[in-house]
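Everything on this sheet refers to the single structure shown next.
The values are calculated or read from the model by the stated rules, or taken from the named source; none is laboratory data. In this text, all values refer to a predicted model and were calculated from it rather than measured experimentally. Note that each Cβ is placed from the backbone with ideal geometry, even for glycine, and that neighbours are counted across all protein chains shown.
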Amino acid sequence: MGAKAAKDPVPRVSIPLNPVFGWTVGNWMENFFDGMKEGKILGSRCPDCGRVFLPPRMICERCFAKADEWVELPATGTVQACTEAAVKVAENGDMVDLENPEIIAMVKHDGADTCITARLEGADASIGMRVEAVLNPGAENVLDLLAAYRPMG
Amino acid sequence: MEKEAAIIGYAQTPYEADSNCSRELLVLQATRAALEAAGLKREDLDTIVTANNDYLDGRTISNMRLVEPAGSWRKNESKVEMDGAFALLYALTRILSGDHDIALVVAESQASVYGGILPGIMMLDPTFDRQRWLLNEVSGAALQASAYMDASGVSEEQIAGVAAKNLDNAAGNPLALRSLPGADAAKVMASRPLYSPIRDLMMAPLCDGACALVLASGKAAAKAEKPVWIKGVGFAHDSYLTERPLESMNSLKLAAGSCYAQAGIEDAASQIDLAEVHERFAHEELMSYEALGFCGPLQGGAFFDSGATRMDGKLPVNASGGAMGANVDCGAGLARVIEAAMQVRGDAGKHQAKGVKTALAHGQTGICAQENIVYVLGGE
C-alpha cells in the first residue's frame, strides 16, 4: 500500500438499504393497547407461578409456560431505576445534547413483577419514588396512550 | 477440564476509530498473524468459527466474504452472531468432540460503518421499547447503574475511578484506541454527561478492529510453545432488561459458578491472579467483581477502593485497559481472552502484571450484559 493510499480516507458512498419488515405488535400487546384506550392497564399473568408481566409478555421464562391470564393493574407504581438524560440518540446514531435534560425511569406498577420504561415528569427522581401513569385514552398514536409517569402528590 | 484444549496463538489488529481499511483486510491481518504465532499454515486449520453480525455489516450472511481472509475456503466454517468469546465456546466444543485438532476463531466489526449505538436499539423489544426511543445501550446501562448504586451505595466517583484505572492501564497497551495516562476520577467526572451517572469516559468506545485466536486439542497443543490451557468455561443468559433485577449480574454469577467448578476454583479472589472483564460501562466492572466472587455481594466499591484490582494489586483487573481502551463489537470479549492468555504467557509487554499463572476472561452480549461467558486459563 503506497503512502498516499494509506493517508487518504476511503471514499464513502451511501448505499440505500431499506428492508421493509411487517412487524405486528402481536395479540398480547394489542390487548395492552386496547386496554389503555379504555383507561385500563392490563398485564399478563403466568398461570403456574403467578408472575405478572407489564408490558404483557406471552411466555414466562421461569415456568416455561404461556402467560395467558390477564389482570387489571392500578396506574400507580414505584421507580426501580432512573437516569437523567442529557442527550438523546439522533437518527444517525449520534448522541446529541438535549436542551432540557429529561428523566427516564423504570417503573414497576403495584401488582406487577416487571417494569415499564418511560419518561418521568419533573426534574427530580429517585429509586423508591411513588409515581402514577399519565394515561391518554384518546391518543391517536398508541405509544402516547401511556405517555409518561408523574410523581404522586 | 484438564489439558484438553489450549490457546496456541493469537493476534489483534490495532483498534481504531476508523481503520481506513476493509473488514476483510482486518480479518486477514489478524488471522495470518495468529496462525504465524501458532507456527501453523492455513492448511493446518480443521475448523473455523467467525464472530460478526449481519446488522453491523449491513448485509445478511455477513461471513460470506470472510471465506478468503478467515482461511475457511472449502473448510468447515460457521458463524456466531455474538461476541467472539462465544465463538470460542463453539470452537472449544468442536475440539472437545475429538473430530478436530486445530480451530481458528476470528471476530470483527467496524463501528465507523454503522451508526454508533443504533444497533443496540435494534436489540430492544420492537413493539414497545424500540418505538419509544428512550432506551438504548447507554440509557439502559445508566438505569442499571442507578439500581446498582442505590443497592450498594457505590458513588459516581468510584465508578469514575474504575474508568480512570482502565484508561491509565490502556496507556501500556499499544493496540488500544483510547488511553489517558495518569487519569483520575476527577478527569472522568469532567467528561461529557450522557445519561446519569454515565459520562463519556465511563463508556467503552466503539471502534474498528479484528482479533483472532488459534485453539488446539491437547494432543496438538502438546507440540506447541507455551500453550495456555482452558481450565473451565461457563455461560448463562438472563431475562430482558426490564424483567430482571438490574442491581446484580446474575447470569455472570451463574456463568462463573459453572466455570469455577470445572477449573477447580473454590476461592476466586485467592486462586485467580488476574482478570480481563468486558466492562462496556465502568460500573459493570464493579458489578463483575461481585458476580465473579472476588468480593461479597454489593462490596464491589470497597473492593475497588482496596486497590486490589489495580495493576500492582493482588488481582489486577483489565491490565490491558479493558473495553474502556477499545470496544470492538463482536471482538471485545474475545480480546479479553487473548489479553488474559498473553498475561499467562508473560507476553503482555508494558502492561504485563506480575506472577500471572491463572487468569480469568469474561465476555458479554446484550443490553445490560444480558448474556455472559467466563473462562479460566492457566499455563503449564
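Things to note:
- Subset tally (residues that are within 15 Å of the chain's Cα centre (by Cα), assigned to a loop (DSSP other than H, G, I, E, B) and modelled with pLDDT of 95 or more) for the range B:323-366: 5
- Yes/no for B:Glu68 being over 27 Å from B:Ala369 (Cβ atoms), surrounded by fewer than 16 Cβ atoms within 10 Å (Cβ to Cβ) and touching a strand residue (DSSP E or B) at 6+ places or on another chain (Cβ under 9 Å): no
- Meets criteria (closer than 28 Å to B:Pro119 by Cβ, within 21 Å of the chain's Cα centre (by Cα) and touching a residue at least 40 places away in the same chain (Cβ under 8 Å)) for B:Glu156: no
- Of all residues in the range B:101-123, exactly one satisfies the criterion of being more than 21 Å from B:Asp329 (Cα to Cα) and either within 14 Å of chain A (Cβ to nearest Cβ) or surrounded by fewer than 20 Cβ atoms within 10 Å (Cβ to Cβ) (or both), namely B:Asp101.
- Residue within the range A:75-88 that is hydrophobic (A, V, I, L, M, F, W, C), touching a Cys at 6+ places or on another chain (Cβ under 9 Å) and either at pLDDT 85 or above or at negative phi (or both) present: yes
- Residue match in the range B:223-240 (condition: buried (at least 23 other Cβ atoms within 10 Å of the Cβ) and of a type in the set (Ser, Thr, Tyr)): no
- Qualifying residue in the range B:128-145 (condition: closer than 25 Å to B:Arg32 by Cα, surrounded by 21 or more Cβ atoms within 10 Å (Cβ to Cβ) and more than 21 Å from the chain's Cα centre (by Cα)): no
- Scan of the range B:331-380 for residues that are hydrophobic (A, V, I, L, M, F, W, C), within 18 Å of B:Ala212 (Cα to Cα) and touching a Lys or Arg at 6+ places or on another chain (Cβ under 6 Å), ordered by number: B:Ala361
- Subset of the range A:14-43 that is more than 11 Å from chain B (Cβ to nearest Cβ) and aliphatic (A, V, I, L, M) - its residue that is farthest from B:Asp129 (Cα to Cα): A:Val20
- Restricting the range B:238-278 to residues that are within 14 Å of chain A (Cβ to nearest Cβ) and hydroxyl-bearing (Ser, Thr, Tyr), the residue that is farthest from B:Ala332 (Cα to Cα): B:Thr242
- Any hit, the range B:336-343, residues being crowded, with 24+ Cβ neighbours inside 10 Å, out of contact with any His (no Cβ under 6 Å at 6 or more places or on another chain) and among the β-branched types (Val, Ile, Thr): yes
- The range B:270-287, subset among the small types (Gly, Ala, Ser) and more than 16 Å from B:Ala340 (Cα to Cα), residue surrounded by the fewest Cβ atoms within 10 Å (Cβ to Cβ): B:Ser270
- The strands (runs of 3 or more DSSP E) found entirely in the range A:44-153 that carry 2 or more residues being closer than 21 Å to B:Gly140 by Cβ and within 14 Å of chain B (Cβ to nearest Cβ) are A:76-89, A:95-109, A:116-120, A:146-151.
- Complete set of residues in the range B:367-380 that are at pLDDT 95 or above and among the charged types (D, E, K, R): B:Glu371
- Condition check for A:Gly153: at pLDDT below 95 and crowded, with 16+ Cβ neighbours inside 10 Å: no
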